[in-house]
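Accompanying notes for the structure given below.
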Amino acid sequence: RQAQILTLDVGGDPVAAQMVLLAPDATYLGMSGVDPAWWQVNAVTLLQLRAAEAAVERGHRTFNLSVGPSVAKLRWSEQVRQHPEFIVCGPRRSSQIAFTAYRLAAAAAAVRREAVRHRATARKKKEASSAHHAAH
């Protein structure tokens, strides 16, 4: 119930597909695909419209068109708001605990990387300052 694959079928054959992820108050459009023979008819746009209609029916306040701005997204709105990530986690307690542990480890690794970068930058500044004083 947190993910759907919408398909556009012509004559019983799928010609386009759109992945839709559902959060409590938002809909997120993920990957899409289209048969190259149907590219010119904007088949994925039709699927996106259906996903948007379903989001309104659910009462969702946010309809996210996936990462990055594009000309195709301007069909829907001139307002582009970017969010750096969208995270999906299973509802089981074990999934949530594993995800939380992963996020904590990732945050700790980021702090360590930043500390190393900061120390290297400070060391280079100190060496440059020493070289400057030695030259004068």
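The values are calculated or read from the model by the stated rules, or taken from the named source; none is laboratory data. Every value quoted in this text rests on a predicted model; they were computed, and no experiment measured them. Because the Cβ atoms are built from the backbone with ideal geometry, glycine has one as well, and the counts that use them run over all protein chains shown. Just so you know, the surface numbers come from the protein's heavy atoms only, side chains and all, with ligands and any DNA or RNA stripped out. Shrake-Rupley method; radii C 1.70, N 1.55, O 1.52, S 1.80 Å.
Things worth noting here:
- Probe 1.4 Å - accessible area at S77, Å² to nearest ten: 40 Å²
- Across the chain, the longest piece that holds none of the GluC sites (Glu not before Pro) lying in DSSP loops with up to 16 other C-beta atoms within 10 Å covers 1-77.
- Computed from the Cα positions only, the extents of the chain along the three principal axes stand at 81, 41, 27 Å, in decreasing order.
- Among V111, I5, V41 the positive-end extreme of the charge dipole of the chain (Cβ point charges): V111
- Surface share of carbon and sulfur [accessible, 1.4 angstrom probe, percent] for the chain: 58 percent
- If you run the Gaussian network model on the chain, springs between alpha carbon atoms under 10 Å, then out of A98, A115, A37 the most flexible one is A115.
- Trypsin sites (Lys or Arg not before Pro), loop per DSSP, at most 15 other Cβ atoms within 10 Å - longest free stretch of the chain: 2-60
- Among V116, V34, V44: highest mean-square fluctuation, GNM of the chain, C-alpha pairs under 10 Å: V116
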